[in-house]
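Report on the following structure.
The values are calculated or read from the model by the stated rules, or taken from the named source; none is laboratory data. Fair warning: this is a prediction, and the values are worked out from it, not measured in the lab. Cβ: placed from backbone, ideal geometry, glycine included. Neighbour counts: every protein chain shown. Ligands, DNA and RNA are excluded from the accessible area calculation, which covers all protein heavy atoms including side chains. Shrake-Rupley method; radii C 1.70, N 1.55, O 1.52, S 1.80 Å.
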Amino acid sequence: MIEVRDIQKKFGDTTVLKGITTSFRQGVTSLIIGESGAGKTVFLKSLVGLHGIDQGEIFYDDRQLGKMNEDEQKALRTEMGMVFQGNALFDSLNIEENVIFALNMFSEMSAAEKKERADFCLERVNLKGVNNRKPAELSGGMKKRVAIARAIALNPKYLFCDEPNSGLDPRTAILIDNLLQEITHEFNITTVINTHDMNSVVEIGEHIIFIKDGAKAWEGGGEEILHTDNKAVTDFVFSSELFRKIREKS
Amino acid sequence: MQNYFYFSDMFLITWIRTLGRYWLMLSRTFRKPENWNEYKKAFFRDLDHLGVDSLGIVAVISIFVGAVVTIQTNYNLQDPLIPDYYVALAVRESIILEFSPTIVSLILAGKVGSNIASTLGSMRVSEQIDALEVMGVNPHAYLIMPKVVALVLFNPILIIISMFLGVIGGYLAAYFGIFSTQDFITGLQLEFNAYYVSYALIKTVVFAFLITSISAFYGFFVKGGAIEVGVNATKAVVSSSVAIIVANYVLTQILLV
Ligand SMILES: Nc1ncnc2c1ncn2[C@@H]1O[C@H](COP(=O)(O)OP(=O)(O)OP(=O)(O)O)[C@@H](O)[C@H]1O
Ligand SMILES: [Mg+2]
């Protein structure tokens, strides 16, 4: 469980996060949705401590971020997996080395076990036979999938994904969505996903937070979002013809 | 007048702030590795492409500059009262004292410094440094320490090689015409002061530390994109070169006077 209390983040004079309060439960896929520029990425980075916040508190199962010493913070971070919006793969390493990077650093596994784990993770994101290639030799969507494989390699307790399925074809996008939901349930992970893909919202959204201009404008379950009367949400969700039709039918 | 003071105030404050951030970076860099094995791997990678890869350029430059220094010294010492072998002595001293440690370090500041700054800079802008941080790896230590250690250990070797090759360059210049190689050999062995070599190696170690840490500093804290990476790589080379020149003066005051 991650608890967020009234966090604010400023860059210079502009306030990007304007006091967001919410919590993310274990074993649930939480989705952060909102327009481009709403502050989703800044929120996620503040959540993991990459951005220092200007106000508010963040708790990881009663451990307060920002009140920990360096070792405690490092220990907490070995329990995190993160997929960055721009992948952030290590481009000097090949795909397999990327996936097992954290295993090399923090686990006692043998080389064979690590290889097996890498193959397993890559297979789950539907990637095979690319172990020895460099990130630069992969397509955008493949890189995204490697980033997901890297994030789940160490069996994280907390998983953060910034637009994990943007740039993927619809089939792979759904595959990734389902994978994220599957492992969230299977390993009881606290999962937070940024997205502006309405498909994901319908497919895997169990808990949804809608951010508008840096503030939480709506929060609720996956079913509720299709029936809410909140204008900001309906404007966002039903900007697509398809979803408007779905709403009319239901 | 007021404007001038304002400007110098701003300059001083910026400078002190930069220095403060540099120290902060160093204090986060020299920490216990999360995993010695992984750091060792990084060390050998850096040793290979920052150190060993510089052998070629250092060799070429050393031989040619050694030859040129010999020709010039010979040209300037065309005095019947000064025996020819003094040329070799003068060449030896200038190579050991100044050319190999300082000039070669300046060249490495260009080659290695821009490499470090642009590598770290592009890792920063593509969020690879953030990715390390989220994994619980100390990116300062993992990315900077192996580079600093690799060059601090390897540059003295590089400089000793450069000294040898510089002298060989001088010998070749003598051989190809200006005076007897016999005299050159005699001069080389005259009044040899081993302390000069220690002095040169101390300088080299300090310079290696300055090059790697300053360039890492400029790369690590890039904000922006590809253009800023380029700008900072240039700043890294300029700043580490200036640092070398100033440190050279200070160390020479301390060690030789
Ligand atoms: N490092 C930064 N410095 C200054 N402003 C920033 C910084 N990072 C983000 N911002 C600003 O914060 C706002 C929110 O950005 P953010 O990246 O969180 O948007 P987002 O919701 O993730 O959008 P997208 O869906 O396009 O990824 C933007 O207006 C952006 O300009
Ligand atoms: Mg974003």
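Mind telling me which of the residues B:LEU26, B:LEU47, B:LEU55 ends up being surrounded by 18 or more Cβ atoms within 10 Å (Cβ to Cβ) and on the phi < 0 side of the Ramachandran plot?
Going through B:LEU26, B:LEU47, B:LEU55 in turn, just one is surrounded by 18 or more Cβ atoms within 10 Å (Cβ to Cβ) and on the phi < 0 side of the Ramachandran plot: B:LEU47.
Out of all the residues in the stretch A:60-77, which are buried (at least 19 other Cβ atoms within 10 Å of the Cβ) and facing chain B (nearest Cβ under 8 Å)?
A:LEU76, A:ARG77 - these are the residues of the stretch A:60-77 that are buried (at least 19 other Cβ atoms within 10 Å of the Cβ) and facing chain B (nearest Cβ under 8 Å).
What are the residues in the stretch A:1-13 that are within 16 Å of ligand 2 (Cβ to nearest atom) and over 20 Å from B:VAL134 (Cα atoms), if any?
Scanning the stretch A:1-13 gives a single hit, A:PHE11.
Of all residues in the stretch A:78-89, which are within 21 Å of B:MET123 (Cβ to Cβ), more than 7 Å from chain B (Cβ to nearest Cβ) and open to solvent by 20 Å² or more (accessible area, probe 1.4 Å)?
A:GLN85, A:ASN87
Within 16 Å of ligand 1 (Cβ to nearest atom), modelled with pLDDT of 95 or more and within 15 Å of A:GLY34 (Cα to Cα): does that describe A:VAL201?
So A:VAL201 does not fit the description; no.
Would you pick out the residues in the stretch A:16-57 that are more than 16 Å from ligand 2 (Cβ to nearest atom), within 14 Å of chain B (Cβ to nearest Cβ) and buried (at least 19 other Cβ atoms within 10 Å of the Cβ)?
A:GLY49
Tell me whether the stretch B:144-167 contains one or more residues that are open to solvent by less than 30 Å² (accessible area, probe 1.4 Å) and over 21 Å from the mean Cα position of the chain (by Cα).
Taking every residue of the stretch B:144-167 in turn, none turns out to be open to solvent by less than 30 Å² (accessible area, probe 1.4 Å) and over 21 Å from the mean Cα position of the chain (by Cα).
Within the stretch A:138-250, considering only strands (runs of 3 or more DSSP E) that don't extend past its boundaries, which have at least 2 residues that are open to solvent by less than 50 Å² (accessible area, probe 1.4 Å) and β-branched (Val, Ile, Thr)?
Because the criterion is at least 2 residues that are open to solvent by less than 50 Å² (accessible area, probe 1.4 Å) and β-branched (Val, Ile, Thr), the strands (runs of 3 or more DSSP E) in the stretch A:138-250 that meet it are A:190-195, A:207-212.
Give just the number: which of (1) crowded, with 21+ Cβ neighbours inside 10 Å; (2) of a type in the set (Ser, Thr, Tyr); (3) away from chain B (no Cβ under 11 Å) does A:SER110 not satisfy?
The single condition A:SER110 does not satisfy is (1).
Yes or no: B:VAL125 more than 15 Å from the chain's Cα centre (by Cα) and either within 13 Å of chain A (Cβ to nearest Cβ) or at pLDDT below 95 (or both)?
Taking the combined requirement at face value, the residue satisfies it.
Got at least one residue in the stretch A:160-175 being away from chain B (no Cβ under 14 Å) and at pLDDT 95 or above?
no
How about the stretch B:29-40: which of its residues are surrounded by fewer than 14 Cβ atoms within 10 Å (Cβ to Cβ) and part of a helix (DSSP H, G or I)?
Once the filter is applied, which keeps residues that are surrounded by fewer than 14 Cβ atoms within 10 Å (Cβ to Cβ) and part of a helix (DSSP H, G or I), the stretch B:29-40 yields B:TRP36, B:ASN37, B:LYS40.
Using the structure shown, decide if A:ILE183 is touching a Gly at 6+ places or on another chain (Cβ under 9 Å) and away from ligand 1 (no atom under 16 Å from the Cβ).
Considered against the rule, which asks whether it is touching a Gly at 6+ places or on another chain (Cβ under 9 Å) and away from ligand 1 (no atom under 16 Å from the Cβ), A:ILE183 comes out as no.
Looking at (1) closer than 22 Å to A:LEU154 by Cα; (2) within 12 Å of another protein chain (Cβ to nearest Cβ), find the lone condition where A:ILE2 falls short.
(2)
Determine which member of the set B:GLY136, B:GLY110, B:GLY51, B:GLY66 is in contact (Cβ under 8 Å) with a residue 24 or more places away in the chain and within 14 Å of chain A (Cβ to nearest Cβ).
Going through B:GLY136, B:GLY110, B:GLY51, B:GLY66 in turn, just one is in contact (Cβ under 8 Å) with a residue 24 or more places away in the chain and within 14 Å of chain A (Cβ to nearest Cβ): B:GLY136.
Within the stretch B:97-129, which residues are open to solvent by 10 Å² or more (accessible area, probe 1.4 Å), assigned to a helix (DSSP H, G or I) and more than 21 Å from B:TYR22 (Cβ to Cβ)?
B:LEU97, B:GLU98, B:PHE99, B:ILE103, B:ILE107, B:LYS111
Within the set of pairs 6+ apart or on separate chains, which have a first residue in the stretch B:20-47 that is more than 11 Å from every other protein chain (Cβ to nearest Cβ), a second that is open to solvent by 90 Å² or more (accessible area, probe 1.4 Å), and C-beta atoms under 8 Å apart?
From the stretch B:20-47, the pairs are B:LEU47/B:LEU153.
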